[in-house]
Amino acid sequence: MKRIILVLLALLLALSPCALCEEDDGGEGAINLIEEQDSFANAGSLSLSEPFTPDDLEKTILIGDDRVTVKKTKQYPYSAIANITGKFSCGCPTQSTGFMVTRNTLLTAAHCLVCQKHNKWAKKLTFYFGYKSNKNYLYRYKSHWEAYVGTLFPNGYTSENDWAYVVFDKDVGDKTGWFGMRNLSDSELESGTFTVAGYRDKKLKYDVGGLRVMDSDRMWVDMDVLPGNSGSPIYDSDNYAVGIWTTYYDNANSGFRINSKMLDKLRAEGLL
Ligand SMILES: [Zn+2]
């Protein structure tokens, strides 16, 4: 009799898997490795995609001098920045930033989607746009997503190829707006002033500063304290993204450049 009860119990659990699993708090997706990543030395000043502001969103014009907390997170371009929360398949939590660059495509850092410690990828993610709290936001995406990462960090973390894009099933950008993308030349990159904005501790913060070239893929970000988390957009005053902020170092920070490698890849996939 005891055995029958155990068998019945096992059957019951097998039939209702969510009796034991953790709370389902995000959309499931898949991770793919981006291949063919040759370096491109000749980044030029081609404007290859245009930013978009939905008609019903107010636009933020003011750019301050210091690290500032954004109060109007639902205004463009902040509306196009996502507070990403969720879990890796190893169980480790992830909280990061990403930003829309087309109607259905978000850019972020690869390590936001891959647990470098356990070499496991993101499993369930929720993307909050215009985030104030889990109940107050402009738009929330928690359906299926498909991610493409520059690296799976097989030998631990490196800032090389630390970029990723996520494709949504819905045209999220129609609600949130999106950033344009520019691949700047080395001199354009070093002569401009740029904004970094991202979510940290559930708040959206931004800072303004300069950039320096590291190589054709990467740049140093000259800001003493970075405002947001990995995956934050680095953009110009016309709301064109020029990079993705990726890495903290002891005395410097770095990001991944929007370059022809990235743009060619997005175009080849029909996303641009
Ligand atoms: Zn992990």
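The values are calculated or read from the model by the stated rules, or taken from the named source; none is laboratory data. Quick caveat, the model's predicted, so the values are computed rather than measured. Cβ: placed from backbone, ideal geometry, glycine included. Neighbour counts: every protein chain shown. These area figures cover heavy atoms from the full protein model, side chains too; ligands, DNA and RNA do not enter into them. Shrake-Rupley method; radii C 1.70, N 1.55, O 1.52, S 1.80 Å.
Side notes on the structure shown:
- Restricting attention to the stretch 136-145 and to residues that are in a strand (DSSP E or B) and either of a type in the set (A, V, I, L, M) or touching a residue at least 24 places away in the same chain (Cβ under 8 Å) (or both), the residue that is nearest to the ligand (Cβ to nearest atom) turns out to be TRP145.
- Counted residues, the stretch 89-108 - those being within 16 Å of the ligand (Cβ to nearest atom) and within 15 Å of the chain's Cα centre (by Cα): 3
Per-residue answers, yes or no, for (1) modelled with pLDDT of 85 or more; (2) open to solvent by less than 10 Å² (accessible area, probe 1.4 Å); (3) β-branched (Val, Ile, Thr); (4) not in a loop (DSSP other than H, G, I, E, B):
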{"residue": "GLY29", "(1), (2), (3), (4)": "yes, no, no, yes"}
{"residue": "LEU48", "(1), (2), (3), (4)": "no, no, no, yes"}
{"residue": "ILE61", "(1), (2), (3), (4)": "no, no, yes, no"}
{"residue": "LYS71", "(1), (2), (3), (4)": "yes, no, no, no"}
{"residue": "ALA82", "(1), (2), (3), (4)": "yes, yes, no, yes"}
{"residue": "LYS87", "(1), (2), (3), (4)": "yes, no, no, yes"}
{"residue": "SER96", "(1), (2), (3), (4)": "yes, yes, no, yes"}
{"residue": "LEU107", "(1), (2), (3), (4)": "yes, yes, no, yes"}
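- Residue count for the stretch 190-218, restricted to those that are of a type in the set (A, V, I, L, M, F, W, C) and over 17 Å from the mean Cα position of the chain (by Cα): 5
- Scanning the stretch 114-135 for residues that are touching a Phe, Trp or Tyr at 6+ places or on another chain (Cβ under 6 Å) and either assigned to a loop (DSSP other than H, G, I, E, B) or more than 13 Å from the ligand (Cβ to nearest atom) (or both) yields GLN116, PHE127, TYR128, PHE129, GLY130, TYR131.
- Scanning the stretch 219-241 for residues that are crowded, with 24+ Cβ neighbours inside 10 Å and either over 20 Å from the mean Cα position of the chain (by Cα) or not aliphatic (A, V, I, L, M) (or both) returns PRO227, GLY228, SER230, GLY231, SER232, PRO233, TYR235.
- Of all residues in the stretch 148-184, those satisfying the criterion of being open to solvent by less than 10 Å² (accessible area, probe 1.4 Å) and either at positive phi or touching a His at 6+ places or on another chain (Cβ under 7 Å) (or both) are PHE153, ASP162, GLY177.
- Tally, over the stretch 185-214, of residues that are in contact with an Asp or Glu (Cβ under 9 Å, 6 or more places away or on another chain) and open to solvent by less than 50 Å² (accessible area, probe 1.4 Å): 11
- Of the criteria (1) part of a strand (DSSP E or B); (2) more than 15 Å from the chain's Cα centre (by Cα); (3) closer than 20 Å to THR85 by Cα, which one THR246 fails: (2)
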